[in-house]
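S.K.: One structure, pasted below without further comment.
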Amino acid sequence: SHTCRNHRMEVPGETGAGNGGRDRGTFHSQSQRPQPPTHRNGSRDGRSATSSTSWEVADTTRFANTLAPGPSYVETGRMPTFTPLHRDLTFLSPLSEARAARLVGFLTEDEPSTVLDVGCGWGELLLRVLEAAPAARGFGVDLDEDAIAGAHRHAVDRGLSDRATFEATDAREVTGTYGAVTCIGSSQIWGPSVEEAQPLDYAAALTALRSLLPRGGRLVYGEGIWSATPTPAATAPLSGRDDEFIRLGALVDLAKSHGFAVTAAHEADQDEWDVFESGFAAGYARWLVEHDADDPDADEVRTLAARQHTAYFEGYRGILGLAYLQLVAV
């Protein structure tokens with residue numbers, strides 16, 4: 001699904017977290033890493049509409065780190081091609097099967113007739129919602145045309161193409177109301193560009209999402225938070241600032257003050273993060289296995305892999321979090 005906007009990194013393969021609009025990261029959808037070789041997780045800063053996944057795991061999360069690309073990319077515009085993220089990630093955000101089932105159950109409990117996924121990526125979460133709500137029609141938006149094409153294919157393969165519509169369009173242009181909405185790792189759509197390195201504007205996102213729901217409508221809102229006090233090592237591969245994200249309790253208060261009742265608030269655990277980060281970087285390892293050690297691109301791929309591992313294991317692991325809020329419009 002999605003990602004966390006400022007979780008910047010070279011993305012090995014295609015996106016799938018989803019990018020509802022502005023430059024985001026890879027959390028859902030997840031989530032937001034430095035952009036790599038073959039894509040830019042959803043066409044960042046194209047302002048269209050995630051992950052997760054992040055941050056929709058695998059946000060489409062995310063997240064998407066933005067460390068500088070390797071030298072060959074900077075100097076020649078060429079980078080090696082990696083396997084698509086969906087080969088190693090179900091959602092593009094830190095999201096387990098158990099948590100995904102919980103979110104789907106919440107979204108479908110009132111049997112919505114329409115469902116919107118902002119930053120849908122390759123559409124996994126939306127398709128699961130439609131499978132659980134056989135009378136519902138779904139609309140997924142994301143700026144990444146490749147991800148949207150993948151979502152169409154997945155809908156056809158699962159016999160849902162008659163009820164699932166996916167478009168590469170700007171989430172800010174979506175009108176009307178929906179019985180249920182998901183937005184994971186796509187808040188930057190309604191705030192300043194990621195390149196400005198400003199704090200995430202949760203309030204703007206919650207305001208926009210509330211306008212898409214009637215009273216009683218349900219929202220799964222997934223977004224990056226600080227799970228622990230940020231350190232210089234944790235913020236360096238992100239935006240470099242301690243106030244980029246807020247803590248879970250503060251996010252719950254914001255949701256309450258922006259027209260929602262909070263029925264549940266939880267965050268991705270360490271195992272979900274480790275699985276997500278491992279899947280995100282798996283394309284590097286697979287490339288190194290499939291190519292000779294003296295391949296002209298081998299040094300660059302090793303550098304990209306090492307950079308991502310360092311950013312996570314020595315940086316934001318256990319500090320950068322992904323909150324999942326189950327909200328009802330009031």
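The values are calculated or read from the model by the stated rules, or taken from the named source; none is laboratory data. Note that the structure is predicted; figures quoted are calculated from it, not measured. Note that we place each Cβ from the backbone using ideal geometry, even for glycine, and neighbour counts take in every protein chain shown.
S.K.: Scan the range 65-86 and tell me whether some residue there is in contact with a strand residue (DSSP E or B) (Cβ under 7 Å, 6 or more places away or on another chain) and either at pLDDT 95 or above or not in a helix (DSSP H, G or I) (or both). Lay out the reasoning, then the answer.
M.R.: Initial filter on the range 65-86 (in contact with a strand residue (DSSP E or B) (Cβ under 7 Å, 6 or more places away or on another chain)): 85.
With either at pLDDT 95 or above or not in a helix (DSSP H, G or I) (or both) added as a condition, the list becomes none.
No; the residues of the range 65-86 include none that is in contact with a strand residue (DSSP E or B) (Cβ under 7 Å, 6 or more places away or on another chain) and either at pLDDT 95 or above or not in a helix (DSSP H, G or I) (or both).
S.K.: Here's a check for you: in the range 175-197, which residue that is at pLDDT 95 or above and β-branched (Val, Ile, Thr) is surrounded by the most Cβ atoms within 10 Å (Cβ to Cβ)?
M.R.: For the range 175-197, the residue satisfying everything is Ile184.
S.K.: How many of the residues in the range 314-330 are surrounded by 15 or more Cβ atoms within 10 Å (Cβ to Cβ) and in a helix (DSSP H, G or I)?
M.R.: 2
For (1) buried (at least 23 other Cβ atoms within 10 Å of the Cβ); (2) part of a helix (DSSP H, G or I), each residue gets a yes or a no:
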{"site": "Leu89", "(1), (2)": "yes, no"}
{"site": "Arg102", "(1), (2)": "no, yes"}
{"site": "Phe106", "(1), (2)": "no, yes"}
{"site": "Glu111", "(1), (2)": "no, no"}
{"site": "Gly121", "(1), (2)": "yes, no"}
{"site": "Leu125", "(1), (2)": "yes, yes"}
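S.K.: Answer yes or no as to whether Leu238 is closer than 18 Å to Ser93 by Cα, at pLDDT below 95, among the aliphatic types (A, V, I, L, M) and touching a His at 6+ places or on another chain (Cβ under 9 Å). Before the answer, list the steps.
M.R.: On the way: closer than 18 Å to Ser93 by Cα: yes; at pLDDT below 95: yes; among the aliphatic types (A, V, I, L, M): yes; touching a His at 6+ places or on another chain (Cβ under 9 Å): yes.
Yes.
S.K.: Under 9 Å between Cβ atoms, at least 6 apart or on separate chains: pull out the pairs that start in the range 138-155 with a residue that is surrounded by fewer than 22 Cβ atoms within 10 Å (Cβ to Cβ) and end on any residue that is modelled with pLDDT of 95 or more and assigned to a helix (DSSP H, G or I).
M.R.: Close Cβ pairs satisfying both conditions: Phe139/Leu126; His154/Glu124; His154/Leu127.
S.K.: Here is a check on your reading of the model: is Ala311 surrounded by 20 or more Cβ atoms within 10 Å (Cβ to Cβ) and either closer than 21 Å to Leu103 by Cα or in contact with a Phe, Trp or Tyr (Cβ under 8 Å, 6 or more places away or on another chain) (or both)? Give the steps one after another, and end with the answer.
M.R.: Details: surrounded by 20 or more Cβ atoms within 10 Å (Cβ to Cβ): yes; either closer than 21 Å to Leu103 by Cα or in contact with a Phe, Trp or Tyr (Cβ under 8 Å, 6 or more places away or on another chain) (or both): no.
So Ala311 fails the test.
For (1) touching a Leu at 6+ places or on another chain (Cβ under 9 Å); (2) in a loop (DSSP other than H, G, I, E, B); (3) at pLDDT below 95; (4) not aromatic (Phe, Trp, Tyr), each residue gets a yes or a no:
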site	(1), (2), (3), (4)
Ile246	yes, yes, no, yes
Val252	yes, no, no, yes
Ala261	yes, no, no, yes
Asp271	no, no, no, yes
Phe280	yes, no, yes, no
Tyr284	yes, no, yes, no
Trp287	no, no, yes, no
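S.K.: Among the residues of the range 182-207, write down those that are touching a strand residue (DSSP E or B) at 6+ places or on another chain (Cβ under 9 Å) and outside any strand (DSSP E or B). Full working, then the answer.
M.R.: Pass one, the range 182-207, residues touching a strand residue (DSSP E or B) at 6+ places or on another chain (Cβ under 9 Å): 182-187, 189, 200, 202, 205-206.
Correct list: Gly185, Ser186, Ser187, Ile189, Leu200, Tyr202, Ala205, Leu206.
S.K.: Could you check the range 208-244 and list, in sequence order, the residues that are closer than 30 Å to Gly105 by Cα and either part of a loop (DSSP other than H, G, I, E, B) or polar (S, T, N, Q) (or both)? Walk me through how you get there before you give the answer.
M.R.: Residues of the range 208-244 closer than 30 Å to Gly105 by Cα: 208-228.
Within the range 208-244, Ser211, Leu212, Leu213, Pro214, Arg215, Gly216, Gly217, Ser227, Ala228 qualify.
S.K.: Identify all residues within the range 198-217 that are small (Gly, Ala, Ser) and surrounded by 15 or more Cβ atoms within 10 Å (Cβ to Cβ); write none if there are none.
M.R.: Keep residues of the range 198-217 that are small (Gly, Ala, Ser), which gives 203-205, 208, 211, 216-217.
Ala203, Ala204, Ala205, Ala208, Gly217, listed by residue number.
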